[in-house]
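J.: The following block contains the structure, expressed as structure tokens.
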Amino acid sequence: MANNISDRIAILACVEKVLLERGPEYDQVLTRLNAKYETSLIDCCERSEYLRDILDEVFGDGTCAVIEQICHCLKNFTENQTISNFLEKLKR
């Protein structure tokens with residue numbers, strides 16, 4: 001999905017920004033991604049369903065708010081097909 005390196009960087013930067021603003025949950029997300037899927041945050045550019053699953057585990061009912069923050073951060077890139085696809089899959 002995120003074939004272009006600049007697309008991956010934009011996605012990663014926004015996801016990290018939102019998670020870091022949340023505090024200690026950032027580390028929980030990274031730890032669970034590694035433990036459950038043996039993957040890192042950058043790999044979630046390709047596998048947004050992994051990120052969604054871990055966000056559900058960590059944030060529970062607050063997941064939608066986190067996803068909305070990520071969408072808001074990437075709002076200037078929604079015409080980019082790669083980023084649009086990432087956001088669409090993340091919202092599912």
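Every read-out reported here was derived from the displayed coordinates using simple, explicitly stated rules and does not represent laboratory data. Note that this is a predicted model, so its numbers are computed, not measured. FYI the Cβ positions are ideal-geometry reconstructions off the backbone, even for glycines, and counts take in every protein chain you see.
J.: Could you list, in sequence order, the residues of segment 54-92 that are touching a residue at least 24 places away in the same chain (Cβ under 8 Å) and not in a helix (DSSP H, G or I)?
T.: Hits for segment 54-92 are Leu74, Asn80, Arg92.
J.: Out of Thr78, Thr63, which single residue is closer than 18 Å to Gly23 by Cβ, touching a Leu at 6+ places or on another chain (Cβ under 8 Å) and surrounded by fewer than 18 Cβ atoms within 10 Å (Cβ to Cβ)?
T.: Details: Thr78 fails: closer than 18 Å to Gly23 by Cβ.
The conditions single out Thr63.
J.: Further question: So which of Leu12, Leu33, Leu20, Leu51 ends up being touching a Phe, Trp or Tyr at 6+ places or on another chain (Cβ under 6 Å), part of a helix (DSSP H, G or I), of a type outside the set (Val, Ile, Thr) and without any contact (Cβ under 8 Å) to a residue 60 or more places away in the chain? Explain how you work it out, then say what you get.
T.: On the way: Leu12 fails: touching a Phe, Trp or Tyr at 6+ places or on another chain (Cβ under 6 Å); Leu33 fails: touching a Phe, Trp or Tyr at 6+ places or on another chain (Cβ under 6 Å); Leu51 fails: touching a Phe, Trp or Tyr at 6+ places or on another chain (Cβ under 6 Å).
Going through Leu12, Leu33, Leu20, Leu51 in turn, the sole match is Leu20.
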